[in-house]
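Accompanying notes for the structure given below.
The values are calculated or read from the model by the stated rules, or taken from the named source; none is laboratory data. Keep in mind that what you see is a predicted model, and the values were worked out from it rather than measured. FYI the Cβ positions are ideal-geometry reconstructions off the backbone, even for glycines, and counts take in every protein chain you see. Keep in mind that these areas ignore ligands, DNA and RNA; they rest on the heavy atoms of the full protein, side chains included. Shrake-Rupley method; radii C 1.70, N 1.55, O 1.52, S 1.80 Å.
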Amino acid sequence: MDKKKPKKVFVQGAIPPEKIANSVANHQSKTNIGAHSIFLGQIRADEVDGKTVAAIDYTAYEEMAEKVFHEIREAAFAKFDITCAHIYHSLGKVNVGELCLFVFTSSAHRKIAIDATNFFVEEIKAKVPVFGKEIFEDETHQWKVNK
């Protein structure tokens with residue numbers, strides 16, 4: 001298999017829903033695909049110590065993070081028989097209800113696509129140096145901890 005070249009993962013601000021629709025539409029011509037699996041991460045209005053989250057401001061060591069995203073992508077292509085994989089992660093401020101992570105995999109069969117998507121999401125959460133500052137409605141903040 002050819003080594004895939006690194007893809008740009010980060011987008012400024014929220015991921016627009018139109019990006020998801022366009023991604024699906026762009027794959028209709030690939031007739032060897034029988035299944036797509038999509039994970040969408042959305043900002044929740046969590047309550048922490050009586051304060052409600054209004055947004056998350058994401059920062060990253062972009063060069064290092066892009067390298068880790070690429071390594072995860074390479075590992076997924078080695079582990080799963082997937083046709084395509086796309087990852088987009090927000091940088092900057094993303095408001096409650098908006099999308100911050102979009103993982104989209106395609107394969108001939110659904111189980112492979114679903115398993116690959118789950119692999120991507122867990123690896124991203126565990127390994128990628130992206131940091132989220134939870135901004136509360138009162139404009140105070142705290143650094144987010146992944147659970």
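Numbers for the structure displayed
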{"item": "Count - residues of segment 128-147 that are in contact with an Asp or Glu (Cβ under 8 Å, 6 or more places away or on another chain) and either open to solvent by 90 Å² or more (accessible area, probe 1.4 Å) or of a type in the set (A, V, I, L, M, F, W, C) (or both)", "result": "3"}
{"item": "Which numbered condition Asp46 misses (of (1) exposed (fewer than 10 other Cβ atoms within 10 Å of the Cβ); (2) more than 24 Å from Thr105 (Cβ to Cβ))", "result": "(1)"}
{"item": "Set Ser29, Ser37, Ser23: member being over 19 Å from Gly92 (Cβ atoms), at pLDDT below 95 and open to solvent by less than 50 Å² (accessible area, probe 1.4 Å)", "result": "Ser23"}
{"item": "Enumeration of residues in segment 79-96 that are in contact (Cβ under 8 Å) with a residue 40 or more places away in the chain and open to solvent by 40 Å² or more (accessible area, probe 1.4 Å)", "result": "Lys79, Thr83, His86, Tyr88, Lys93, Asn95, Val96"}
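Yes/no per residue for (1) out of contact with any Asp or Glu (no Cβ under 6 Å at 6 or more places or on another chain); (2) among the aliphatic types (A, V, I, L, M); (3) closer than 30 Å to Ile135 by Cα:
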position	(1), (2), (3)
Ile20	yes, yes, yes
Lys30	yes, no, no
Ala35	yes, yes, no
Ala76	yes, yes, no
Asp81	yes, no, no
